[in-house]
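Beneath this line is the structure, given in structure tokens, with notes to follow.
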Amino acid sequence: MARASERDRELAGELVARARREGLNLVGDNGLFKGLVKLVLEGALEAEMTDHLGYEKGDPAGAGTGNSRNGTSRKRVLTDVGAVDIEVPRDRRGSFDPQIVPKHARRAEGFDEAIVSLYAKGLTTGEI
């Protein structure tokens, strides 16, 4: 990742100050960073599933296509902030092969810096 700009450093400082004011932990099992990593990974996996199936979740266009969402499976992924439990979507045919966290992979690297940067720039967890 490129070197942080002065504005990125200011925003990161504001994020840390806000977390301290609100009594939030940045790191640790219930830390803000872990929660952000989980949200981003799961959101990316859902987007991959939508792309794979060709229709949005709950879209009637998917009826009768022969393949649809079939719940999720839990997976523990090692990240820079520690182990994060995520829900990986499944499809009925078992043909979904995620790219962001490939099957059988246990390590996801490089997400943490990007997530902190996006959050520091003012994006909400929903927008990230």
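Coordinate-derived values only; no laboratory data. Worth saying up front: this structure is predicted, and the values here are computed from it rather than measured. As a convention, Cβ positions derive from the backbone with ideal geometry for all residues, glycine included, and neighbour counts pool all protein chains shown.
With the crude spin-label approximation of a point 7 Å out along Cα→Cβ, what separation in nm comes out for Arg21 versus Arg9?
Going from the Arg21 label point to the Arg9 one covers 2.2 nm.
Treat region 34-81 as a sphere of radius equal to its Kirkwood radius over Cα pairs and apply Stokes-Einstein at 25 °C in a medium of 0.890 mPa s; give the translational diffusion coefficient in µm²/s, rounded to a whole number.
Value of D from the Cα-based Kirkwood radius: 198 µm²/s.
With each pseudo-label sitting 7 Å past Cα toward Cβ, what's the Lys57-Leu39 distance in nm, one decimal?
Computed distance between label sites Lys57 and Leu39 equals 1.5 nm.
Could you bin all the Cα-Cα distances of region 4-48 into 10 Å bins starting at 0 and give me the percent of pairs in each, rounded to whole numbers?
Going from the shortest bin to the longest, the percentages are 25, 38, 31, 5.
Taking 2.2 N^0.38 Å as the expected size of a compact globular protein, what ratio does the Cα radius of gyration of region 1-75 give against it, to two decimals?
The value comes to 1.63.
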